[in-house]
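No value in this document is a laboratory result; all are computed from the given coordinates. Computed from a predicted structure; not experimentally measured. All Cβ positions, even for glycine, are placed from backbone atoms using ideal geometry, and neighbour counts span all protein chains on display.
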């Protein structure tokens, strides 16, 4: 009986953990992707379609094309994704401006510790899941960058991040950065620009297993096991 109680307690803990939004890895599709478990949408990793222009990618979404099965996201979906990833209401980033470039267009920075290998900002787990476009390294810092284009409210818009890792220690302060810009900063020239540091945001719907469903099923099976065991002892 004690074992059963312990298992139930563990399942309740799993349920409470699963209720929180998270960005998780997913390898279900031909292309690497990550899932925003708050919305249940799968997003193509940064770095998969870089070196290809926005217009090229947008024209490769039909049956038989390179990115068939994916679609361009709405601006609302991108805002939701980047807002969930930044999670500014619940994290304590060192610099947060939720309306840096206009309403909802935020800029946020968080400092890594000044030690060798310093790579411990509030977004590092998410950065590890979403891929990146380019990597650079100096004697002091390693950085991964990503910029994702989408069609915003004012034309071509972008989300971007900068993930820094201190490899020297103690000399400088390195920040990780997240931002979203939907302020007509990009001209039509960028629609046909293919660059190693630019991705086009692509999304698709997937089914994410609800933690509640998993836990409920597990508890039901556990109860059936306990009941059968009790009945067998009664004979």
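So, R0 is 25 Å and r is the distance between the beta-carbons of residue 195 and residue 168; what FRET efficiency does that work out to, to 0.05? With R0 = 25 Å, the Cβ-Cβ based efficiency is 0.30. Shown for 188, 139, 183: other C-beta atoms within 10 Å of each C-beta, ranked fewest to most, produce the order 139, 188, 183.
Neighbour counting of Cβ atoms within 10 Å sorts the residues 144, 134, fewest neighbours leading, into 134, 144. By the Cα gyration tensor, region 23-208 has an equivalent ellipsoid whose semi-axes, rounded to whole angstrom, run 27, 18, 17 from largest to smallest.
Once the C-beta distance of residue 175 and residue 124 is scaled by a Förster radius of 22 Å, the resulting FRET efficiency is 0.95 to the nearest 0.05. Using the Cβ-Cβ distance between residue 188 and residue 95 with R0 set to 35 Å, the FRET efficiency works out to roughly 0.65. Relative to the current alpha-carbon distance between residue 58 and residue 103, full extension at 0.36 nm per residue lengthens the span by 13.5 nm.
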